[in-house]
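As structure tokens, the structure follows; a few thoughts come after it.
The values are calculated or read from the model by the stated rules, or taken from the named source; none is laboratory data. Keep in mind that what you see is a predicted model, and the values were worked out from it rather than measured. Cβ coordinates were reconstructed from backbone atoms using ideal geometry, including for glycine residues, and neighbour counts include every protein chain displayed. In case anyone asks, the SASA skips ligands and DNA or RNA and just uses the protein heavy atoms, side chains included. Shrake-Rupley method; radii C 1.70, N 1.55, O 1.52, S 1.80 Å.
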Amino acid sequence: MHPTKERLIQTVSAMLDADVQHDVILEDVLNTSGISRGSLYHHFSDFPDLIEQTLLVRFSHGVDETTQLTRDIANKAKTADEFWTGIGELIVYSQSPLRARRRQERTRIIGLAATSERLAKALAAEQERLTVEMTEIYAEVQANGWARHDLDPRTIAVFTQAYTLGRVVDDISEEHVNSGDWDKLLNIVLNTFKSNAT
């Protein structure tokens, strides 16, 4: 990635990470980054393109983190119980109230893709990359005899992504469910994936 483009994306990303609610404004990005308006438009078709590409980069980092953590669990596990215990620990991490903003940002980019064809196309490619990688992991888990063979690994991969986004429903509610109860429910559901395999 060109250094100017990378600096602009990093600037917007830092603004999105700000502790207070921050509307990202073109002038603020230019002032903070020290990049000229002409340079911005050399690398991005317009300002919304910069915002979209920044959100996509952040989404991609989340994709890479999720797949790497899942892959590490699969590689370290020697038994089905070790694998599913590791996935249970990943649930606690990914479903934490401390990660609410990250979950909400994922839903934001999905919402923005509904009105931006270029973002929808780029996001679809990233989402497919995540789903393919997760599908491969679950197919390996099935090959190890650690998961039910009557369930499609791609369907499992999509489901395990969907429950994280589903937590957003609680994130925006006035009264939140107990995190321990939420994690317990997800573990019960995921345990049904291995019940016929061990």
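Each eigenvalue of the Cα gyration tensor of segment 84-173, multiplied by 5 and square-rooted, gives one semi-axis; in descending order these are 26, 19, 9 Å. Of the residues 47, 59, 159, ranked by 1.4 Å probe accessible area with the largest first, the sequence reads 159, 47, 59. Cross-linked pairs 5/121; 78/194; 76/184; 121/194: Cα-Cα separations exceed 26 Å for 121/194.
The phi torsions of segment 86-97, fed into the Karplus equation with coefficients 6.51, -1.76 and 1.60 and a -60° offset, translate into couplings of x, 5, x, 5, 5, 4, 4, 5, 6, 9, 4, x Hz, rounded to whole numbers, with Gly and Pro shown as x. Scalar couplings 3J(HN,Hα) for segment 114-122, obtained by applying the Karplus form with A = 6.51, B = -1.76, C = 1.60 to θ = phi - 60°, are 5, 10, 10, 4, 5, 5, 4, 5, 5 Hz; x denotes Gly and Pro. Overall form of segment 1-77: prolate. Here a/c, set by the Cα gyration tensor axes a ≥ b ≥ c, is 1.5 or more, and a/b is the larger of a/b and b/c.
With protein chains left intact and a 1.4 Å probe, residues in segment 143-198 average 60 Å² of accessible area per residue. Against the criterion of solvent-accessible heavy-atom surface with a 1.4 angstrom probe, 171, 152 sort, most first, into 152, 171. Between residue 185 and residue 104, the distance separating the two model label sites (each 7 Å from Cα on the Cα→Cβ line) works out to 2.0 nm. Could you work out the mean projected area of the convex hull around the alpha carbons of segment 14-170, in square nanometres to one decimal? Mean projected area of the Cα convex hull: 10.9 nm². Solvent-accessible surface (1.4 Å probe) assigned to residue 140 amounts to roughly 80 Å². In this calculation the C-beta distance from residue 116 to residue 136 is compared with R0 = 35 Å, giving a FRET efficiency of 0.75.
Name the residue, out of 146, 84, 182, whose mean-square fluctuation peaks in a Gaussian network model built on the chain with Cα pairs under 10 Å. Highest fluctuation of the listed residues: 182. Our Cα-only numbers for segment 67-115 put the radius of gyration and Dmax at 14.4, 45 Å. Our coupling estimate for segment 159-166, obtained by passing each phi through the Karplus curve with A = 6.51, B = -1.76, C = 1.60 and θ = phi - 60°, is 4, 5, 7, 5, 5, 5, 5, x Hz, Gly and Pro reported as x.
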